[in-house]
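S.K.: Let me begin by handing over the structure; questions about it come next.
The values are calculated or read from the model by the stated rules, or taken from the named source; none is laboratory data. In this text the structure is predicted, and so the values were computed from the model without any measurement. When we count neighbours, we look across all protein chains shown, and the Cβ atoms used for this are built from the backbone with ideal geometry, even at glycine.
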Amino acid sequence: MITEDLTLRRYRGASTKERRAQRQDLLVRAAIRIYGETGYRNATVKAVCDAAGLTERYFYESFANSEALLIAAYARVNRTLIDGIEQVIHQHPGDAIEKGRAALRFYFTALQQDKKLARMFLVELTGVSPAVELAYGEAQDDFAALLLRALDPGEKLPAAQRDLLARGVVGAIAGIALYWISNGHERPIEELVAASLEICLLLAR
């Protein structure tokens with residue numbers, strides 16, 4: 001999981017550029033953990049640096065401010081989730097609808113198993129700034145593109161219609177996920193998958 005406990009390591013023989021990249025990676029991993037546990041608005045630069053085992057000097061070596069770190073942390077979480085969904089779609093032997101069902105099952109299972117990921121992916125970017133909202137919108141575009149490839153592989157829909165429908169579908173699925181999480185995961189995942197798949201069938205049709 002992306003929000004696994006940090007393993008702080010020191011590397012010998014690394015170049016200055018490599019050490020800087022390693023420190024940046026530690027900060028991103030720490031941010032995912034801290035933001036996932038306490039929320040972005042309740043976190044401080046010092047808390048993230050302490051979790052990474054680094055001083056604040058190294059924070060400002062890599063990031064202009066906390067918002068830049070939030071965007072980097074969200075990009076890492078989003079890429080991990082999207083890569084997992086893409087792998088499921090690619091490897092599943094079924095037809096388009098079965099691929100879509102498998103992708104949705106992976107999505108909801110990941111959100112249930114990793115509460116920090118769920119918080120980062122669905123909650124922490126709301127209302128922070130236009131730049132952060134843009135990052136969230138780009139993540140939705142990634143998810144929408146995956147659904148399009150799975151459910152409309154022949155590109156039967158006009159391009160403009162495909163994009164609008166895909167964004168609407170992704171927004172609806174995110175709404176279902178937020179409702180589910182806020183109610184303590186009471187509904188079984190298969191119910192969420194079935195409801196979301198019905199929405200996705202707009203693309204398949």
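S.K.: So residue 69 passes all but one of these: (1) under 20 Å from residue 177 (Cα atoms); (2) in contact with a Leu (Cβ under 9 Å, 6 or more places away or on another chain). Which condition number does it fail?
M.R.: Tallying (1) under 20 Å from residue 177 (Cα atoms); (2) in contact with a Leu (Cβ under 9 Å, 6 or more places away or on another chain), residue 69 fails exactly one: (1).
S.K.: If a residue must be of a type outside the set (Gly, Ala, Ser), at pLDDT below 85 and assigned to a loop (DSSP other than H, G, I, E, B), how many such residues does the range 132-185 contain?
M.R.: Qualifying residue count for the region: 6.
S.K.: So which residues in the range 34-52 are buried (at least 22 other Cβ atoms within 10 Å of the Cβ) and either modelled with pLDDT under 90 or of a type outside the set (A, V, I, L, M, F, W, C) (or both), if there are any at all?
M.R.: Listed by number, the residues that qualify are 35, 36, 40.
S.K.: Return the total of residues in the range 105-131 being aromatic (Phe, Trp, Tyr) and surrounded by fewer than 21 Cβ atoms within 10 Å (Cβ to Cβ).
M.R.: Matching residues across the range 105-131 total 1.
S.K.: Under the condition of being assigned to a loop (DSSP other than H, G, I, E, B) and more than 24 Å from residue 110 (Cβ to Cβ), which residue from the range 1-33 is modelled with the highest pLDDT?
M.R.: The residue in question is 15.
S.K.: Tell me which residues, restricted to the range 42-67, are part of a helix (DSSP H, G or I) and under 18 Å from residue 122 (Cα atoms). Walk me through it before giving the result.
M.R.: Of the residues in the range 42-67, the ones part of a helix (DSSP H, G or I) are 42, 45-52, 56-62, 66-67.
Within the range 42-67, 42, 67 meet the criteria.
S.K.: Additional query: Residues being of a type outside the set (A, V, I, L, M, F, W, C) and farther than 29 Å from residue 151 by Cα: count how many of those fall in the range 53-100. Talk me through it step by step, then tell me what you get.
M.R.: Within the range 53-100, the first condition is being of a type outside the set (A, V, I, L, M, F, W, C), and the residues that meet it are 53, 55-58, 60-62, 65-67, 74, 76, 78-80, 83-84, 86-87, 90-95, 98-100.
Cutting the leftovers down to farther than 29 Å from residue 151 by Cα gives us 53, 55-58, 60-62, 65-67.
Counting residues in the range 53-100 that are of a type outside the set (A, V, I, L, M, F, W, C) and farther than 29 Å from residue 151 by Cα gives 11.
S.K.: Give the range 110-126 a look and list any residue that's outside any helix (DSSP H, G or I) and either at pLDDT 85 or above or over 17 Å from the mean Cα position of the chain (by Cα) (or both), or say none.
M.R.: Within the range 110-126, just 114 meets the criteria.
S.K.: Just to be sure before I move on: is residue 101 assigned to a helix (DSSP H, G or I) and within 15 Å of residue 174 (Cα to Cα) in the structure I sent?
M.R.: Taking the combined requirement at face value, the residue does not satisfy it.
S.K.: Go through the range 93-104 and give me each residue that's free of Cβ contacts under 8 Å to residues at least 40 places away in the same chain and surrounded by fewer than 17 Cβ atoms within 10 Å (Cβ to Cβ).
M.R.: Scanning the range 93-104 gives 93, 94, 95, 98.
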